[in-house]
Structure formats: structure tokens, C-alpha cells
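**Q** Once you've had a glance at the structure underneath, I'll fire off some questions.
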Amino acid sequence: MPEGPVIQRMFAEVANGYDRANRVLSLGIDVLWRRQAAAIADVKPGERVLDVCAGTGDLSLHLSRLGASVIGADFCAPMLVHAERKATGKQGRPYFVCGDAMELPFRNGTFDLATVAFGIRNVVDPVAAMREMARVVRPSGRIIVLEFARPRVPVLGSLYLLYFRHVLPRLGRWISGSDNGAYQYLPDSVMQFPERGHFTELMTRAGLRSARFSMLSGGIAAVYRGEVES
Ligand SMILES: C[S@@+](CC[C@H](N)C(=O)[O-])C[C@H]1O[C@@H](n2cnc3c(N)ncnc32)[C@H](O)[C@@H]1O
């Protein structure tokens, strides 16, 4: 696992091409995954939401369109520049702050819900980050994690692995115009990261209760949900 500053630099270097690469590499399905995560979060108008590792703000923007009052936090300012640009002029827009997931700049119990999309895998200590998310969410509030997983369906699984390991790194380099290893790091980190029941164990270790998951798109991604102790 690379150190935090290495991760920060890596995202800074791909920030300009990040959205374009996401849409092309996932064939646009990443948009649906964030919507599904928001649906599982069951976000209600007026709820206070913290979107951790917000990046270029796609999940934050979607949650605010659903009527939530959203703050997006990320430790990579160049990613947030794009989030800010996309939010500018939108009604009920999210606001963005620079901050580390492992040391969130908010008081205990500030939010009803905390989310993280495709970010927890990049955090040096995911359990510490989820503990921090739980700290800033009120008792009985929710934590939602959207992350890549590894499909187990026989044919889809093999095709996906072929694409993910061999095609995606080359395509990602080309689309993002960056040769800094970010699109090799993506499949490598997904292959090593705990998924399904192994990840819900981490949620429990972070102090969350009722940790459970739903698989998306045949197991390519997963949404995890846990609750803060009451
Ligand atoms: C793959 S991007 C995901 C961005 C966005 N959530 C999305 O759905 O597209 C991962 C983001 O996590 C951020 N990140 C990684 N480690 C972090 C940390 N410790 N604190 C805050 N942000 C972090 C990176 O800067 C990057 O913007």
C-alpha cells in the first residue's frame, strides 16, 4: 500500500482526465453505481451528509440533487477543483473541503450519513477512516461504502479479469494522458483489497453494527452499509 502523499500525488496527476477516464473505462456504469449507493443509503431531503474521498464530486453532486445538505471532503486539492467547478451555480450544491479521511475536520455527530465511493481502498488505514466517519456521524446514523469487488460468476469473472488486468491499465494511461501508474494501481489495489464478508468484518472492527453488503453488476462493485452505535 503506497503512503498517503504518494496517493495524493497520483490523484493530483490524473485529476484533469479523471471523469473522462471513469466514464470510458466503466462504459458509464460508474454513474449507475453511485446512484445505487445513494438509493441504498436511503438519503432523505434535508439530511446532513459527509462524502469522504469525494474526488471530483460525482457522488456529492448526486446526493445534493436528492435534497441532502452535502459536504465533500478529500485530501487532494486538484480533484476538488473539478468538484467545485461542477458544483458552481447549482442549486442546493455540495460544498467541498480539503481534509484527510483519517482525521476529519468535523465535530462528533455532525452528520446523519457518511459515504465513500471508490475511496476507502486508497486510504492507508481503512478501519481508522471508518472509525472517523462513525465519529462524525450521529448515533444510529449510516455509513455507506461503494467499492470495486471481484465478480465470481464463471465467464463474466474471467472476462472481467482480462479487461481489468490487461486492457484497463493501457486504456487508462491513454485516456488520462498520465503515465504515473495510477491505472496499474487500480486493478492491483482492487485485487488485494478485502471484499464482501471480509470488508464487513473491517466495518465491525471500526465499531459499526449491522454491517452488510449488496453486490452490483454481477459482483464488479459492492455497496456496504453499516450503522453507528446508538
Ligand atoms: C478513486 S477516487 C474516488 C473519487 C470519487 N469518490 C468518485 O466516486 O469518483 C479516490 C479519492 O480518494 C481520495 N483519498 C485517498 N486517500 C484519502 C485520504 N486519506 N483522505 C482523503 N481523501 C483521500 C483521493 O484523493 C481521490 O480523490
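**Q** So is A68 more than 8 Å from the ligand (Cβ to nearest atom), touching a residue at least 24 places away in the same chain (Cβ under 8 Å), buried (at least 24 other Cβ atoms within 10 Å of the Cβ) and not acidic (D, E) or not?
**A** Values: more than 8 Å from the ligand (Cβ to nearest atom): yes; touching a residue at least 24 places away in the same chain (Cβ under 8 Å): yes; buried (at least 24 other Cβ atoms within 10 Å of the Cβ): yes; not acidic (D, E): yes.
So A68 fits the description; yes.
**Q** Another question about this same structure. Would you mind stating whether L61 is free of Cβ contacts under 8 Å to residues at least 40 places away in the same chain, among the hydrophobic types (A, V, I, L, M, F, W, C) and surrounded by 17 or more Cβ atoms within 10 Å (Cβ to Cβ)?
**A** On the way: free of Cβ contacts under 8 Å to residues at least 40 places away in the same chain: yes; among the hydrophobic types (A, V, I, L, M, F, W, C): yes; surrounded by 17 or more Cβ atoms within 10 Å (Cβ to Cβ): yes.
Judged against the criteria, L61 is a match.
**Q** Out of R34, R20, I need the residue that is more than 10 Å from the ligand (Cβ to nearest atom) and either in contact (Cβ under 8 Å) with a residue 40 or more places away in the chain or farther than 23 Å from R170 by Cβ (or both). Which one? Spell out the reasoning first.
**A** Details: R34 fails: more than 10 Å from the ligand (Cβ to nearest atom).
Exactly one of R34, R20 is more than 10 Å from the ligand (Cβ to nearest atom) and either in contact (Cβ under 8 Å) with a residue 40 or more places away in the chain or farther than 23 Å from R170 by Cβ (or both), namely R20.
**Q** Select from segment 205-227 the residues that are free of Cβ contacts under 8 Å to residues at least 60 places away in the same chain and either on the phi > 0 side of the Ramachandran plot or exposed (fewer than 15 other Cβ atoms within 10 Å of the Cβ) (or both) and list them in ascending order. First the steps, then the outcome.
**A** So in segment 205-227, the residues free of Cβ contacts under 8 Å to residues at least 60 places away in the same chain come out as 209-213.
Across segment 205-227, the qualifying residues are R209, S210, R212.
**Q** For M10, all conditions in the list (1) surrounded by 21 or more Cβ atoms within 10 Å (Cβ to Cβ); (2) within 12 Å of the ligand (Cβ to nearest atom) hold save one; what is the number of the exception?
**A** Evaluating M10 over (1) surrounded by 21 or more Cβ atoms within 10 Å (Cβ to Cβ); (2) within 12 Å of the ligand (Cβ to nearest atom) leaves (1) as the failure.
**Q** Looking at segment 206-227, can you tell me whether even one residue there is over 25 Å from G4 (Cβ atoms), of a type in the set (D, E) and either touching a Leu at 6+ places or on another chain (Cβ under 6 Å) or not in a helix (DSSP H, G or I) (or both)?
**A** yes
**Q** Oh, and also: Take the conditions at pLDDT 90 or above and under 24 Å from L27 (Cα atoms) and apply them to L202. Does it pass?
**A** So L202 does not fit the description; no.
**Q** Kindly provide the set of residues from segment 116-143 that are under 14 Å from F75 (Cα atoms) and not aliphatic (A, V, I, L, M), ordered by number. Walk me through how you get there before you give the answer.
**A** Kept after step one, since they are under 14 Å from F75 (Cα atoms), are these residues of segment 116-143: 116, 119-120, 122-124, 129.
Of everything in segment 116-143, those that are under 14 Å from F75 (Cα atoms) and not aliphatic (A, V, I, L, M) turn out to be G119, N122.
**Q** Looking only at segment 43-51, decide whether some residue is more than 8 Å from the ligand (Cβ to nearest atom), crowded, with 19+ Cβ neighbours inside 10 Å and within 13 Å of G119 (Cβ to Cβ).
**A** For segment 43-51, residues more than 8 Å from the ligand (Cβ to nearest atom), crowded, with 19+ Cβ neighbours inside 10 Å and within 13 Å of G119 (Cβ to Cβ): present.
**Q** Take residues that are of a type in the set (S, T, N, Q) and more than 26 Å from R131 (Cβ to Cβ) and tell me which of the helices (runs of 4 or more DSSP H) falling wholly in segment 1-55 contain 1 or more. Give the steps one after another, and end with the answer.
**A** Working: elements: 4-14, 18-25, 29-41.
The helices (runs of 4 or more DSSP H) meeting that bar are 18-25.
**Q** Now a separate question. Among the helices (runs of 4 or more DSSP H) contained in segment 86-196, which hold 2 or more residues that are modelled with pLDDT of 95 or more and away from the ligand (no atom under 14 Å from the Cβ)? I'd like the intermediate steps shown before the answer.
**A** Working: elements: 126-136, 154-162, 168-176, 182-192.
The qualifying helices (runs of 4 or more DSSP H) are 126-136.
**Q** Tell me the residue from R85, R135 that is without any contact (Cβ under 8 Å) to a residue 12 or more places away in the chain and charged (D, E, K, R), please.
**A** Working: R135 fails: without any contact (Cβ under 8 Å) to a residue 12 or more places away in the chain.
Residue meeting the stated conditions: R85.
The values are calculated or read from the model by the stated rules, or taken from the named source; none is laboratory data. A quick note: this is a predicted structure, and the numbers were derived from the prediction, not measured. Cβ coordinates were reconstructed from backbone atoms using ideal geometry, including for glycine residues, and neighbour counts include every protein chain displayed.
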